[in-house]
Amino acid sequence: MRRSLRALCALTATSVAMLGGAAHAQPKFDVTLSGNVWYEHGFVSQSNDEGLRSTEARNRFRMNIIPRGVADNGLEYGARLRIRTVAGGVVDNDRSYLFLNGSMGELRLGAQPGFDDDINGPGANATRPPEYLPDQSFSQWVGFVPAIRTATNGRYVGADVAGGIGSTLTIAIIWPALEGMGLTDKVLYKSPRVGGFQVGGSYTPRTDSVNTDVNRVKLASTPAAQFTGSFQDIAELGANYVETFNDVTVRLGAAYAYGKASQTTDRADRFSDLREWHIGAQINYGGLKFGADYIDHGKSGQNLRYAYTARFSAWDVGATYDLGPYRLALSYMEGTDPGSSTLPGNRKVSAYEAGTLYRVAPGLAVGLRYTHYIARSDRTVTASSGSPNDRGNVLLSHVALNF
């Protein structure tokens with residue numbers, strides 16, 4: 001035990017030394033506040049809509065609090081906390097880490113996403129189809145389409161777009177990001193960019209423990225469940241490349257993550273270990289951006305005791321064009337996962353989108369997006385239940401403030 005503690009202390013000290021060497025702090029921190037707020041109103045028309053309203057609205061507020069200091073030798077150090085409002089009026093945080101940024105790169109310690117999701121992902125807008133909503137966010141239409149269920153009369157209601165392994169490993173079945181390691185406590189490193197290249201990675205002890213929580217239980221999954229979102233000792237490796245050739249900017253990125261699935265006390269359970277990878281590319285020329293990416297989660301988290309496990313993957317392609325204060329966009333997204341592991345077949349969600357936004361003033365934008373989705377389910381079709389497959393149209397209007 002003492003040897004392990006000494007090794008951990010030595011590793012931390014070495015990392016700090018590599019980042020900036022001996023450091024003498026300034027007597028004060030600069031504290032930065034930033035964030036975004038959006039309000040959106042949606043209109044939905046779908047096939048399986050019995051008992052459902054056609055309109056609804058929602059909003060979200062997120063704020064970053066970043067204390068930052070710079071030492072005499074140039075070492076930048078500080079912390080970041082991102083608090084947010086979520087469903088039900090709850091306020092939580094999805095970022096809470098300290099950072100050290102020096103000549104050898106940046107080290108982050110705490111609650112955060114992995115390298116691929118944070119560095120290559122939507123916020124960085126680096127190596128995937130460019131987002132065009134005011135707050136740069138994918139898949140918002142899914143929140144307006146209720147998960148499939150059975151009504152009191154036995155008929156299917158909603159669409160098979162939520163829940164299942166898709167919502168365990170990612171935000172949604174069509175979300176193109178490595179999130180198997182979760183927004184949990186981890187160590188993350190990203191290198192300086194050299195010749196256009198940047199490398200990095202992260203280590204996550206477990207996906208079901210965050211902030212001050214401590215969970216040392218090994219057998220943490222639910223017995224006989226079809227899948228689990230509990231993984232331990234997750235390692236991620238990633239890289240990206242950004243370079244400009246004349247007027248064309250090329251962005252490429254890739255990452256791989258692996259970890260151990262938490263098992264149960266039931267010896268019949270065999271939850272598959274985490275194995276997922278992601279590649280993406282984006283090309284920028286003037287006001288035009290075009291990108292595509294693919295993600296493969298394999299059978300990560302699925303319980304192999306059941307007969308109908310299958311691969312889970314998603315891909316998308318999109319383009320945006322900026323013309324003065326306006327942005328126009330087109331995109332296509334598709335995701336496939338096993339649905340129910342006790343039923344043959346799988347479920348598949350496809351979404352065709354077109355949207356626009358208008359920048360009213362610095363930090364203030366309004367947008368409009370139309371989505372046509374097709375959701376195919378592996379649930380059983382009966383005369384009384386009808387078909388579980390659904391298709392529909394979602395029209396979203398947005399007002400967003402970024403500060």
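The values are calculated or read from the model by the stated rules, or taken from the named source; none is laboratory data. In this text, all values refer to a predicted model and were calculated from it rather than measured experimentally. Reconstructed Cβ throughout: ideal geometry from the backbone, glycine too, with neighbour counts over all protein chains shown. Side chains included, ligands, DNA and RNA excluded: accessible areas come from the protein's heavy atoms. Shrake-Rupley method; radii C 1.70, N 1.55, O 1.52, S 1.80 Å.
List of remarks:
- Checking every residue in segment 320-333 against the condition of being within 30 Å of S262 (Cα to Cα) and crowded, with 21+ Cβ neighbours inside 10 Å gives zero matches.
- Among residues that are among the small types (G, A, S), more than 30 Å from T342 (Cβ to Cβ) and either in a loop (DSSP other than H, G, I, E, B) or at pLDDT 95 or above (or both), A225 is not included.
- Some residue of segment 197-215 being hydroxyl-bearing (S, T, Y), open to solvent by 40 Å² or more (accessible area, probe 1.4 Å) and either in contact (Cβ under 8 Å) with a residue 60 or more places away in the chain or assigned to a strand (DSSP E or B) (or both): yes
- When each of V161, V187 is tested for being assigned to a loop (DSSP other than H, G, I, E, B) and among the aliphatic types (A, V, I, L, M), the lone residue that passes is V161.
- Near pairs, Cβ below 8 angstrom, 6+ apart or cross-chain, from segment 178-189 (in contact (Cβ under 8 Å) with a residue 24 or more places away in the chain and closer than 15 Å to T212 by Cα) to any residue that is open to solvent by 10 Å² or more (accessible area, probe 1.4 Å) and in a loop (DSSP other than H, G, I, E, B): L183/V210; T184/T207; T184/D208; T184/S209; T184/V210; D185/S209; D185/V210; D185/N211
- In segment 370-393, residue most open to solvent (accessible area, probe 1.4 Å) [restricted to those that are at pLDDT below 95 and not in a loop (DSSP other than H, G, I, E, B)]: Y370
- Some residue of segment 345-354 being of a type in the set (S, T, Y) and in a loop (DSSP other than H, G, I, E, B): no
- Test result for A257, surrounded by fewer than 18 Cβ atoms within 10 Å (Cβ to Cβ) and either assigned to a loop (DSSP other than H, G, I, E, B) or in contact with a Leu (Cβ under 8 Å, 6 or more places away or on another chain) (or both): no
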